[in-house]
Amino acid sequence: MQITIYNFLKQRLDTIDLQISEENTTWFENESDDHDIYMITDFDGGLLISPRGYDYPLLIDGTSRAAIDYSSQKALALKAFYIEQVTE
C-alpha cells in the first residue's frame with residue numbers, strides 16, 4: 001500500500017510503497033495517547049515510526065526495531081530527538 005511519510009534523511013514528505021507484515025512490524029495496542037506510537041516497521045534500511053492520530057509516520061534512516069529493542073518508549077524518544085534536531 002502507498003502511504004505518505006516524513007523522511008528525515010531528505011527532510012521532506014515522501015510517498016512509499018509499504019508492505020506491512022508480522023515479520024517487519026511491531027504493533028502497540030495498549031497505548032492510548034494520540035501521540036503514542038501505534039507501530040514501528042523496518043523499511044528499506046530504516047525505521048518507520050507510526051504515531052496514533054493524524055501525524056505522518058516518520059522514517060529514520062540507519063536504525064531498526066531490533067536496535068531500539070522493539071520498544072514503543074524508545075521509538076517515542078527517538079522520534080522526539082529527531083524532531084528536536086529539525087526544529088533547531
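Worth pointing out:
- Under a 5 Å amide H cut-off, with hydrogens placed 1.01 Å from N, D55 pairs with nothing among residues at least 5 apart or on other chains.
- Taking 0.36 nm per residue of separation and subtracting the Cα-Cα distance, full extension of the segment from E22 to R52 would add 8.9 nm.
- Along the range 18-27 the Karplus relation, 6.51 cos²θ - 1.76 cosθ + 1.60 evaluated at θ = phi - 60°, assigns HN-Hα couplings of 10, 9, 8, 8, 5, 6, 10, 9, 10, 9 Hz to successive residues, with x for each Gly and Pro.
- Kirkwood hydrodynamic radius of the chain, from inverse mean 1/r over distinct Cα pairs, in Å: 13.0 Å
- Extension gain for Q73-Q85 works out to 2.5 nm (0.36 nm per residue, less the C-alpha to C-alpha distance).
- GNM result for the chain, Cα springs below 10 Å: residue of I49, I60, I20 fluctuating most strongly: I20
- Estimated 222 nm signal from helices in the chain, with DSSP H stretches of n ≥ 4 weighted -39500 (n - 2.57), rounded to 500: -6000 deg cm²/dmol
- Candidates S72, S64, S21: whichever shows maximal mean-square fluctuation once the chain is modelled as a Gaussian network with Cα springs under 10 Å: S21
- Calculated FRET value between D61 and E29, using beta carbons and R₀ = 25 Å, to 0.05: 0.40
Values quoted throughout were computed directly from the atomic coordinates according to the rules given, and no laboratory measurement underlies them. Predicted model only: the values in this text are computed from it and were never measured. Note that each Cβ is placed from the backbone with ideal geometry, even for glycine, and that neighbours are counted across all protein chains shown.
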